Amino acid sequence: MDNYQTIHQFLQAFAPEISGRSTDAVTPDLEKDIKNFAAGNLTDEQVSDLSRELLANENAMERLASLLRN
C-alpha cells in the first residue's frame with residue numbers, strides 16, 4: 001500500500017505542471033519503466049530519471065495515470 005501512497009503523492013505534487021508538455025510517443029523502454037514504477041519496482045535513482053521523463057512527456061504521464069486507475 002505504501003507504494004501507491006508514494007505514487008499518489010508524486011502525481012499530486014506535479015499534476016498542475018503536466019499540461020502543455022510534449023506529446024512524444026511512449027517508447028517500449030519508457031513503457032517498461034512506467035509499469036515498473038506503478039508496481040513499485042524502481043530504485044530511487046530510476047524514479048528520479050523517470051520523473052524527468054514524465055514531466056516532459058504528457059503521453060507518458062497519461063500512461064502512468066491509466067495504469068494506476070486500473
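Taking GLY20 and the conditions (1) modelled with pLDDT of 90 or more; (2) of a type in the set (Gly, Ala, Ser); (3) not in a helix (DSSP H, G or I), which numbered condition does it fall short on, given that it satisfies the others?
Every condition holds for GLY20 apart from (1).
Does ALA25 satisfy the criteria of being at pLDDT below 65 and closer than 12 Å to GLU62 by Cα? Give the steps one after another, and end with the answer.
On the way: at pLDDT below 65: no; closer than 12 Å to GLU62 by Cα: yes.
Considered against the rule, which asks whether it is at pLDDT below 65 and closer than 12 Å to GLU62 by Cα, ALA25 comes out as no.
Working only within segment 50-70, note down all residues that are within 17 Å of PRO28 (Cβ to Cβ) and without any contact (Cβ under 8 Å) to a residue 12 or more places away in the chain.
If the condition is that a residue be within 17 Å of PRO28 (Cβ to Cβ) and without any contact (Cβ under 8 Å) to a residue 12 or more places away in the chain, then GLU62, SER66 are the ones that fit.
The values are calculated or read from the model by the stated rules, or taken from the named source; none is laboratory data. Bear in mind that the values here come from a model prediction, so they are computed numbers and not experimental data. For neighbour counting, all protein chains shown are included, and Cβ atoms are generated from backbone atoms with ideal geometry for every residue, glycine included.
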